[in-house]
Structure formats: C-alpha cells, structure tokens
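Each remark here refers to the structure printed beneath this line.
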Amino acid sequence: MIPVKDTNKISGNDITPPSVYFNRRNFIRTGILAASAVATGVAYRKLNPVASGEVKTAKLEGVISAPAATNAASGFRVDEPETSFDDITHYNNFYEFSTDKEGVASAAIHFDTKGWQVSVEGLVNKPKVFSLDDLLKISPPEERIYRMRCVEGWSMVIPWAGYSLSKLLDAVEPTSAAKFVAFETLLDPKRMPGQRSDVLNWPYVEGLRMDEAMHPLAILASGIYGRSLPPQDGAPIRLVTPWKYGFKGIKSIVKIKLVADQPRTSWSEYAPNEYGFYANVNPHVDHPRWSQATEQRIGESGRRPTLMFNGYEEQVGHLYAGMDLRKNF
Amino acid sequence: MKENDIRFAKLLILVNGLVPLALLVWDQSHKQLGANPQNFLILTTGMMTLIFLMLTMAVTPLRKITGWNWLIQFRRMLGLYAFFYGCLHFLCFFSLDRGFSISSTLTEMVKRKYLIVGSTALILMIPLAITSTNAMIKRMGGKRWRALHRLAYMAAIAGVIHYYMQVKADVRQPLVFGAVLAVLLGWRFVQWQRSKTAPKPAHAVKQG
C-alpha cells in the first residue's frame with residue numbers, strides 16, 4: 001500500500017493558538033472602542049464647534065482717540081481692561097442671524113452692506129435718506145471705551161468708534177413735537193437668516209426718549225478697535241447706549257424716526273414683564289427670573305458687582321430724577 | 001449576546017460617556033471654550049445630563065420593541081452617567097457662577113425658580129443612584145425597586161422644564177427634549193393602558 005497523505009487533516013500546528021485568537025479579538029475590539037470614541041468626539045465637535053475665524057474689516061480713517069484725562073467725567077473712556085477683539089466678535093446677541101451667541105459670527109460672515117441707506121424721518125424739519133457715507137460724514141468717529149452690560153448677566157468693555165447721536169438729530173432738526181426716537185433694523189430674511197424664524201416680531205425695533213437720545217454718551221457706532229463694524233456687531237451702523245442693557249443698542253439700523261409717543265420696542269413687546277422700555281442697568285431691580293446684582297465680565301473668572309446705570313450714574317442719573325425705576329425698569 | 005460581549009459593550013458606553021467630559025477639559029485647558037467658558041461648561045454639562053436621562057429612558061421601549069433583552073444591561077450605566085453629569089452641572093454652577101458661596105447659591109435659587117426645578121431633578125436622582133447596585137435591588141425587591149425608580153420620570157420632566165424656563169426666547173432645543181420625553185413617557189402610558197385592559201398571560205413580568 002502506498003501511504004496517502006491525508007491533506008484534510010489539520011495538524012495541531014495549523015490551529016490558531018488561543019492567545020493569538022484572543023489577541024486578534026482584542027485588537028479588533030480596541031479598534032472598535034477607539035473608532036466609537038472618535039465618532040462621539042466628532043459628533044460633539046459638530047455640536048460644539050471651536051469658535052474661530054479671523055475677523056477682518058476695513059480700518060477706519062481718522063478716529064479721534066478718547067483722551068484719558070478729560071474723559072473721566074464725561075464717561076467717554078472707562079479705565080478697565082478692554083475685552084479682546086476676538087471675544088467681542090464671537091459672542092454676540094444678534095437674533096437676525098442666530099440665537100446662538102457663538103454662532104452669530106459665522107452666520108453673518110457674508111452679510112453685505114453695500115449701498116446701505118438710513119432714512120431719518122418723522123417729526124423733523126429736514127428729513128433725509130442718508131447714504132452710509134453721508135451719514136458717517138456728519139461727524140468724525142470718536143473712540144469711546146464703554147462698558148457693555150447684557151441683560152443676561154455678562155459684560156464687556158468695548159472700544160467703539162462713533163459719534164453722538166445728537167449730532168445726527170441736530171442735522172435733521174427735530175420739531176418741538178418730537179418726544180421720542182424710534183429705530184428700526186433692516187428687514188431682509190434673505191440676508192438675515194434668523195428673520196425666517198418668528199422668535200421675535202421682525203424687524204427689530206428700539207426707542208429712546210428725546211433727552212436720552214440727545215445725551216452725549218448715546219452714540220451711533222460704526223466701528224470697534226479702530227476698524228469698521230463686523231456684521232455680527234451690527235454693521236454698518238448701530239446704536240450704543242452704555243448705561244442701558246445691551247439689547248437697547250439696536251444694530252444694522254435702516255430707519256430713525258422722530259415721534260411724539262413712546263415707540264414700541266422688540267423685547268418689551270416679546271415679554272413686557274421681563275424687559276422694559278427704559279432698560280437702564282440697575283443692580284437693585286432684578287429681572288423677574290434672575291438677579292441683576294452681579295455680572296460675568298467676559299475674560300474674567302468670578303462675577304463682579306453690577307454698577308447703577310452701568311457705572312454712568314454721574315452722567316445720566318439726572319435724566320431719571322423722580323422716576324420710580326422699579327416701575328420704569 | 002455573550003457575557004463577554006456585554007462586558008465589551010459596557011466598556012464602549014463607559015468610554016464614550018467620558019468623551020464629552022474629556023473634550024470639555026481639553027478645550028478648557030486650551031482656552032477654546034469660547035468667550036464665556038463658565039456658561040459653556042454649565043450649559044454643556046446640563047445638556048449631557050438631559051441626553052443621558054433620555055438614553056436611560058429609551059432602553060426599556062427599545063428593548064420591548066426590538067426584543068433585544070440584553071439592552072437592559074446598559075441602563076444602569078446610562079442612568080449613572082446622567083447623575084454624574086448632573087452633579088458636574090451643579091458643581092460648575094456652584095463654583096464658577098456662585099464662587100462656592102452657599103448663601104449666594106440659596107438667594108439666587110429663591111430668585112430663579114428654574115434653579116429650584118433643576119435642583120429637584122438632581123435631588124430626585126440621588127436615591128436612584130444610591131439604589132442602583134445589584135445588592136440594593138435584591139434588598140429592596142424588584143417591585144419596590146421599580147416603583148422607586150419611576151422617580152426617573154419625574155427627574156427627566158423637571159430637567160426639561162428647568163431647561164425650558166431659563167431659555168430667553170429661542171425654545172427650540174428644550175422643545176426637542178420635551179418631544180423626545182413625551183414619546184418615551186407616552187409609550188409607557190400606552191403599555192400601561194394595555195396591560196390594564198388586555199388579559200395577562202400567567203407568567204407576565206412587568207418591566208419599568
């Protein structure tokens with residue numbers, strides 16, 4: 001007989017030893033573990049993107065810097081560390097673009113302000129539709145370093161560039177019947193995607209009493225840090241009233257109308273018990289849902305006490321003499 | 001699923017549950033939590049609490065619908081993760097927002113009703129975490145244990161209301177959580193209605 005080699009028989013040497021088998025399984029499992037952790041990490045990053053992206057806007061020409069000595073009393077220059085440009089341009093409440101403060105910058109990145117016009121009308125002798133250039137020519141931009149206190153309990157120090165609103169109002173000559181100033185933001189859901197949802201009643205509107213509007217601290221700002229305003233901060237022109245909560249500082253203004261009666265304002269219309277017409281910063285009057293006694297200064301750890309009229313009491317306190325600020329919050 | 005596979009699957013959940021925390025710590029140490037890191041930490045840990053609460057409550061419906069009974073093995077870890085992130089959420093608020101001050105935490109609570117609702121949610125989860133061990137289940141007996149652990153529903157409801165109350169205007173995200181919660185609770189309600197009306201098989205086992 002010729003011995004035939006049985007090729008089907010598996011010799012002991014051919015069987016994968018258990019140690020290798022288990023190692024292979026462990027190897028695969030480690031792979032699955034790592035892959036799943038990476039997938040979770042990627043999902044987390046998608047939901048919480050790291051805010052970045054340099055903001056570059058044109059340099060503003062001829063900004064008059066706020067001289068320190070003379071401005072202590074005027075309130076034009078607050079002597080506190082300025083909030084970084086990066087934070088000012090990546091932490092914005094601008095619901096026209098996004099309700100996510102960290103998402104406004106990217107949502108507004110393509111906002112184009114070419115051909116911008118601002119209509120100044122109502123109870124004035126010289127109503128006019130200004131081109132942006134004409135509007136900016138009324139007075140050279142001045143540097144104003146103001147505190148900015150948001151009603152949500154955080155704050156910044158922002159070096160604005162702009163001029164007092166009173167200069168524009170003087171130019172159009174309000175009649176004696178004008179008691180309030182009403183402001184309106186651009187309404188264009190194509191360019192402002194946030195306006196496609198009805199989270200607020202668009203367009204955004206704000207208002208000031210005449211004496212508030214004429215106060216030198218109230219400015220029309222066209223820049224920050226010596227550059228023109230990026231879209232997320234209210235390009236091309238916005239209101240800044242440093243003694244009031246931030247939402248009074250209406251952005252991307254297209255209409256300013258002088259009126260006889262107190263105009264409606266967006267947030268007080270949305271929740272009248274939470275947001276008033278005056279909205280003066282006041283640590284003694286709490287928001288119905290939270291305390292206003294302290295604030296989180298962006299860039300600092302821990303909270304700091306909030307100041308009456310945001311630290312501008314000396315300058316604006318007289319405007320509200322005799323008023324019950326609990327009622328007129 | 002084999003015992004060995006279950007252990008691996010648990011490891012998967014354990015590791016993945018830590019990923020958000022690891023990224024929070026990483027981003028914090030690289031100063032890339034945005035302009036308001038305090039707020040971001042508080043918000044994100046709160047969000048993770050709600051997500052894990054929803055995942056925990058999804059186990060039983062999923063298991064019943066798919067017949068994958070092994071899913072039940074992951075419920076405890078998911079629930080404990082909800083409690084873990086809930087504790088972190090409170091700690092972030094207590095330290096970063098209130099500067100470790102008990103008195104300011106309490107006065108703030110009185111003013112901000114949603115803090116009371118949120119604390120209620122967290123407090124409700126404490127007995128659930130304590131009684132989450134096998135020994136405790138045995139000691140309490142399945143029926144009583146399941147009854148106690150229905151508090152998870154209350155915690156989830158309170159958690160979603162807590163989130164809804166503190167949102168300024170854009171309530172879409174809390175509403176999404178609310179919708180998911182409504183589905184998970186609705187499914188349970190329907191099951192409960194059916195179990196009341198349908199004749200029960202002799203060996204029927206009730207499951208929370």
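Return the residues of the stretch A:204-231 that are surrounded by fewer than 19 Cβ atoms within 10 Å (Cβ to Cβ) and part of a loop (DSSP other than H, G, I, E, B); say none if nothing qualifies. Spell out the reasoning first.
From the stretch A:204-231, those surrounded by fewer than 19 Cβ atoms within 10 Å (Cβ to Cβ) are A:209-211, A:214, A:216, A:226-227; that's our starting set.
Matches in the stretch A:204-231: A:Pro216, A:Gly226.
Being in contact (Cβ under 8 Å) with a residue 24 or more places away in the chain, within 21 Å of the chain's Cα centre (by Cα) and more than 20 Å from A:Ile145 (Cα to Cα) is the requirement here; does A:Trp243 meet it? Full working, then the answer.
Numbers: in contact (Cβ under 8 Å) with a residue 24 or more places away in the chain: yes; within 21 Å of the chain's Cα centre (by Cα): yes; more than 20 Å from A:Ile145 (Cα to Cα): no.
No, not satisfied.
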_Just the residues that are touching a residue at least 24 places away in the same chain (Cβ under 8 Å), over 17 Å from the mean Cα position of the chain (by Cα) and under 16 Å from A:Ala35 (Cβ atoms), please, taken from the stretch B:1-30._
B:Ala9
*Which of the residues spanning the stretch B:32-46 are in contact (Cβ under 8 Å) with a residue 40 or more places away in the chain and within 24 Å of B:Leu80 (Cβ to Cβ)?*
B:Leu41, B:Ile42, B:Thr45, B:Gly46
*Kindly indicate the residue of the stretch B:149-192 that is away from chain A (no Cβ under 14 Å) and of a type in the set (D, E, K, R) and also farthest from B:Leu50 (Cα to Cα) among those meeting that condition.*
B:Arg188
*Which one of the conditions (1) under 20 Å from A:Trp267 (Cβ atoms); (2) surrounded by 13 or more Cβ atoms within 10 Å (Cβ to Cβ); (3) free of Cβ contacts under 8 Å to residues at least 12 places away in the same chain does A:Thr306 fail to meet, given that it meets all the rest?*
(3)
*If we scan the stretch A:167-183, do we find a residue that is buried (at least 21 other Cβ atoms within 10 Å of the Cβ), more than 26 Å from A:Gly317 (Cα to Cα) and touching a Ser or Thr at 6+ places or on another chain (Cβ under 9 Å)?*
no
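Checking the conditions here, which among A:Lys128, A:Lys114, A:Lys190 is farther than 16 Å from A:Phe247 by Cα, touching a residue at least 40 places away in the same chain (Cβ under 8 Å) and among the charged types (D, E, K, R)? Before you say what the answer is, go through the steps one by one.
Details: A:Lys114 fails: touching a residue at least 40 places away in the same chain (Cβ under 8 Å); A:Lys190 fails: touching a residue at least 40 places away in the same chain (Cβ under 8 Å).
None of the other options fit; the residue is A:Lys128.
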_With the structure loaded, tell me whether A:Arg238 is closer than 30 Å to A:Val129 by Cβ, in contact with a Lys or Arg (Cβ under 6 Å, 6 or more places away or on another chain) and basic (Lys, Arg) or whether it fails that test._
yes
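If you check A:Trp160 against the conditions, is it in contact (Cβ under 8 Å) with a residue 24 or more places away in the chain, farther than 30 Å from A:Pro49 by Cα and among the aromatic types (Phe, Trp, Tyr)?
Values: in contact (Cβ under 8 Å) with a residue 24 or more places away in the chain: yes; farther than 30 Å from A:Pro49 by Cα: no; among the aromatic types (Phe, Trp, Tyr): yes.
Answer is no for this residue.
Could we say that A:Tyr278 is in contact (Cβ under 8 Å) with a residue 40 or more places away in the chain, within 14 Å of chain B (Cβ to nearest Cβ) and either in contact with a Lys or Arg (Cβ under 6 Å, 6 or more places away or on another chain) or aromatic (Phe, Trp, Tyr) (or both) here? Working first, answer last.
Values: in contact (Cβ under 8 Å) with a residue 40 or more places away in the chain: yes; within 14 Å of chain B (Cβ to nearest Cβ): no; either in contact with a Lys or Arg (Cβ under 6 Å, 6 or more places away or on another chain) or aromatic (Phe, Trp, Tyr) (or both): yes.
Criteria not met by A:Tyr278.
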*Tell me, which residue of the stretch A:93-127 that is within 14 Å of chain B (Cβ to nearest Cβ) and among the charged types (D, E, K, R) is surrounded by the fewest Cβ atoms within 10 Å (Cβ to Cβ)?*
A:Asp100
*From the residues in the stretch A:246-263 that are of a type in the set (D, E, K, R) and either touching a residue at least 60 places away in the same chain (Cβ under 8 Å) or assigned to a strand (DSSP E or B) (or both), which one is nearest to A:Lys137 (Cα to Cα)?*
A:Lys255
*Can you give me the number of residues within the stretch A:250-265 that are small (Gly, Ala, Ser) and farther than 19 Å from A:Ala221 by Cβ?*
1
*Check off (1) within 14 Å of chain B (Cβ to nearest Cβ); (2) touching a residue at least 12 places away in the same chain (Cβ under 8 Å) for A:Pro272 and give me the number that stays unchecked.*
(2)
_Going residue by residue through the stretch A:305-325, is there one that turns out to be modelled with pLDDT of 95 or more, within 14 Å of chain B (Cβ to nearest Cβ) and not in a loop (DSSP other than H, G, I, E, B)?_
yes
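Working only within the stretch B:111-130, note down all residues that are over 20 Å from B:Tyr85 (Cβ atoms) and in contact with a helix residue (DSSP H, G or I) (Cβ under 8 Å, 6 or more places away or on another chain). Before the answer, list the steps.
Applying the first criterion (over 20 Å from B:Tyr85 (Cβ atoms)) to the stretch B:111-130 yields B:111-113.
Once the filter is applied, which keeps residues that are over 20 Å from B:Tyr85 (Cβ atoms) and in contact with a helix residue (DSSP H, G or I) (Cβ under 8 Å, 6 or more places away or on another chain), the stretch B:111-130 yields B:Arg112, B:Lys113.
Looking at the stretch A:147-183, which of its residues are assigned to a loop (DSSP other than H, G, I, E, B) and within 26 Å of A:Asp286 (Cα to Cα)?
Looking only at the stretch A:147-183, we keep the residues that are assigned to a loop (DSSP other than H, G, I, E, B), and these are A:150-153, A:173, A:175-179.
Within the stretch A:147-183, A:Cys150, A:Val151, A:Glu152, A:Gly153 qualify.
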*Can you tell me which residue among B:Ile51, B:Ile72 is more than 19 Å from B:Ile123 (Cβ to Cβ), of a type in the set (Val, Ile, Thr) and in contact with a Ser or Thr (Cβ under 9 Å, 6 or more places away or on another chain)?*
B:Ile72
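Name the residue that is nearest to the chain's Cα centre (by Cα), counting only residues in the stretch A:77-92 that are away from chain B (no Cβ under 13 Å) and touching a residue at least 40 places away in the same chain (Cβ under 8 Å).
Filtering the stretch A:77-92 for residues away from chain B (no Cβ under 13 Å) gives A:77-82.
Add one more test, that the residue is touching a residue at least 40 places away in the same chain (Cβ under 8 Å), and what stays is A:77-78, A:80-82.
Values: A:Arg77: 20, A:Val78: 20, A:Glu80: 20, A:Pro81: 19, A:Glu82: 16 Å.
Of everything passing the filter in the stretch A:77-92, A:Glu82 is nearest to the chain's Cα centre (by Cα).
The values are calculated or read from the model by the stated rules, or taken from the named source; none is laboratory data. Please read all numbers here as calculations on a predicted model, not as lab measurements. Backbone-built Cβ (ideal geometry, glycine too); neighbour counts: all protein chains shown.
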